[in-house]
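Participant: Right, I'll just put the structure down here and ask away after.
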Amino acid sequence: MLHRRREFEQNLHVCPRCNWHGRIGVFQRLEVLLDEESEFEQVGQDLVTGDPLGFKRGELSYGDHLARYRERTGLSEAAIAGRGLVGGRPISLALIDFRFLGASMGTVVGEKVALAIELAEAERIPLLICSCSGGARMQEGMLSLMQMAKTAAALERFGRGGGLYISLMTDPTLAGVTASFASLADVIVAEPGATVGFTGRRLIEQIAKQKLPADAQSAEFMQKRGMIDLVVPRRAQRSTIIGLLELLAPQEKVAAEASA
């Protein structure tokens, strides 16, 4: 068992037998995607999550829950944002971690995604957002839902300026994240077997009064129907992203080489 676990971890948390992709944290994903010599320069590290509703669940306040997840994950929030090098060129990134409150989107998650977009726009570099989420952060009420509009508006400005945006959907990418920034990219990539959709299977079946196909919310199902462009195994994601950058943003590479 220990041998198999070691093999699984060495294979980037992908089963070498069945190709099942396990969830990984944001810093593990950076190791997969960034150049070996690249540092990740974070932005928005000083952002602090508020408690606008004074939300309580039982004896625990929202702040208590946040403190627990910070201790458990070592993260201050579910998202990080910043810049790094992929294929020798600077790129702006936002990454979301499912371990922190199910990667739910609250004000800080939305703000960090917006900061990554604004960084890409200001420095005229490509943008990569690695998404996962179980939905909006109910503890923050309408402020969490507002992040959908905020991130979509930031992407609209970025797109008008000709910026390249690549979205990487990981398991699971659902609800408000799917309905906003995760689906607004020039190229949408997903991990094999990732659950992608808006709402849960049970609710869809209750409303539609019919059973969904077993694979109805899989990345492969969505690719066949045009929602996703590429389904790429984790080991091939870095080379795929480099290829997309070479094809779709060659001018950024020239600029990066000129300034080196």
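Participant: Evaluate the following for GLN210: is it of a type in the set (S, T, N, Q) and either within 24 Å of GLY84 (Cβ to Cβ) or not in a loop (DSSP other than H, G, I, E, B) (or both)?
Facilitator: No.
Participant: Now for a different question. Under 6 Å between Cβ atoms, at least 6 apart or on separate chains: pull out the pairs that start in the stretch 58-78 with a residue that is among the acidic types (Asp, Glu) and end on any residue that is buried (at least 16 other Cβ atoms within 10 Å of the Cβ) and in a helix (DSSP H, G or I).
Facilitator: Listed by first residue and then by second, the contacts come to GLU77/VAL108.
Participant: While we're here: Go over the candidates GLY163, GLY159 one by one and state the one that is outside any helix (DSSP H, G or I) and under 25 Å from ALA249 (Cβ atoms).
Facilitator: Step by step, each of GLY163, GLY159 is checked, and only GLY163 is outside any helix (DSSP H, G or I) and under 25 Å from ALA249 (Cβ atoms).
Participant: Tell me which of these VAL108 doesn't satisfy, since it passes every other one: (1) in contact (Cβ under 8 Å) with a residue 24 or more places away in the chain; (2) farther than 23 Å from ALA190 by Cα; (3) surrounded by fewer than 19 Cβ atoms within 10 Å (Cβ to Cβ).
Facilitator: Single failed check for VAL108: (3).
Participant: Give me a count of the residues in the stretch 194-251 that are without any contact (Cβ under 8 Å) to a residue 24 or more places away in the chain and of a type in the set (Val, Ile, Thr).
Facilitator: Residues meeting the conditions: 2.
Participant: Related question: Looking for whichever is out of contact with any strand residue (DSSP E or B) (no Cβ under 8 Å at 6 or more places or on another chain), among the aliphatic types (A, V, I, L, M) and not in a helix (DSSP H, G or I) here; the options are LEU85, LEU75, LEU93. Which one fits?
Facilitator: When all the criteria are applied, what remains is LEU75.
Participant: Output the number of residues of the stretch 1-54 satisfying the condition of being crowded, with 17+ Cβ neighbours inside 10 Å and in a helix (DSSP H, G or I).
Facilitator: Residues meeting the conditions: 4.
Where a number appears in this text, it was derived from the coordinates with a stated rule and is not lab data. From a predicted model like this one, the values you see are computed outputs, not experimental measurements. When we count neighbours, we look across all protein chains shown, and the Cβ atoms used for this are built from the backbone with ideal geometry, even at glycine.
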